[in-house]
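Asker: Sharing a structure, written as structure tokens. Questions coming.
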Amino acid sequence: MNNKLHWIFRLFYFQYKRVTNKYYQIINLVKLKLFGVKYGKRCIIHGHFIIALAKGAKMIIGDNFCSLNGRGLNPLSSNICCSIRVNKNAELIIGNNVGMSSAVIWSHKSITIGNNVNIGANSIIMDSDAHSINYLQRRNITLDQNNKMDKPIIIGDDVLIGVNSIILKGVTIGKRSIIGAGSVVTKSIPEACIAAGNPCRVIKNIGGGN
């Protein structure tokens, strides 16, 4: 009897997950449309997804985008939601076949993510300091925001970013490179290498591909 109840519970649970995934998928695509986001074919966004685009902001998502957020969909990100924000006149361009889980992406100027990129759970991509480095300017909101430093981020095709990584302003990550889990990327990383650490440094060249 216990075994039978166990299987009934599992069947109910999987059906519940399927229905709620469908619900979130519909709601999240509606959010994209309401914010004027252009997205391609087979755009899948499950779970809690927060998005905000300011006036003049641009966001484009290519085909086969997949984002899994919270609700235990990815064991590595637990209950953390995805948060994407594009500031006034800034842009976020995401290529084809990109996957991410519970990422935080904040574009103040320009963030470009290439094709076939995997972004590990809980990673942060942010192209700005968000505040002035001058403590006197930080005392005034207007001065603080007018003097913060923004620099574009470019993530090349076929890049793999490990869980809990942080990609900071002005960084270019070359094609086919791998960023180790928990890395803080403060300077550009060349193509076809493994890089890791805080600050992130090249560990090994892996070559291959075009």
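Asker: Take the solvent-accessible surface of the protein heavy atoms, probe 1.4 Å, and return the percent of it on the chain that carbon and sulfur atoms account for.
Answerer: Using a 1.4 Å probe with all protein chains present, the chain comes out at 58 percent carbon and sulfur.
Asker: In addition: Tilt of helix 2-34 relative to the longest C-alpha principal axis of the chain, in degrees (0 to 90, nearest 10)?
Answerer: Its long axis makes an angle of about 40 degrees.
Asker: Still on this model: Computed over the Cα atoms of the range 1-133, what is the convex hull's projected area averaged over all directions, in nm²?
Answerer: The directionally averaged projection comes out at 9.3 nm².
Asker: Still on this structure, I have one more. Starting from the 7 Å offset along Cα-to-Cβ, what nm value, one decimal, do you get for the label separation of Tyr13 and Gln145?
Answerer: 4.6 nm
Asker: Once you have all Cα-Cα distances for the range 71-210, histogram them in 10 Å bins from zero and send the whole-percent values.
Answerer: Going out from 0 Å in 10 Å bins, the range 71-210 shows 13, 40, 32, 13, 2, 0 percent.
Asker: Just the accessible area per residue of the range 1-157, please: how many Å² with a 1.4 Å probe?
Answerer: Heavy-atom SASA per residue in the range 1-157 reads 57 Å².
Asker: Mind ranking 144-151, 190-197 by how tightly packed they are, going by the mean number of other C-beta atoms within 10 angstrom, highest first?
Answerer: Most protected by this proxy first, the peptides run 190-197, 144-151.
Asker: Run through the DSSP bridge list for the chain and note the antiparallel percent, rounded to the nearest 5.
Answerer: 10 percent
Asker: For Val86, Val184, give me the order by solvent-accessible area with a 1.4 Å probe, most accessible first, ignoring ligands, DNA and RNA.
Answerer: Highest to lowest solvent-accessible surface, that is Val184, Val86.
Asker: Run lengths n ≥ 4 of DSSP H only: what is the helix-derived mean residue ellipticity at 222 nm for the chain, with -39500 (n - 2.57) per run over all residues, to the nearest 500?
Answerer: Calculated mean residue ellipticity at 222 nm is -6500 deg cm²/dmol.
Asker: Between Phe14, Phe49, Phe35, find the one with the highest GNM mean-square fluctuation for the chain; connect C-alpha pairs within less than 10 Å.
Answerer: Answer for the Gaussian network model of the chain: Phe14.
The values are calculated or read from the model by the stated rules, or taken from the named source; none is laboratory data. All of these numbers come straight from a predicted model, not from anything done at the bench. Please note: Cβ atoms are built from the backbone with ideal geometry, for glycine as well, and neighbour counts cover all protein chains shown. Note: areas computed on protein heavy atoms with side chains; ligands, DNA, RNA excluded. Shrake-Rupley method; radii C 1.70, N 1.55, O 1.52, S 1.80 Å.
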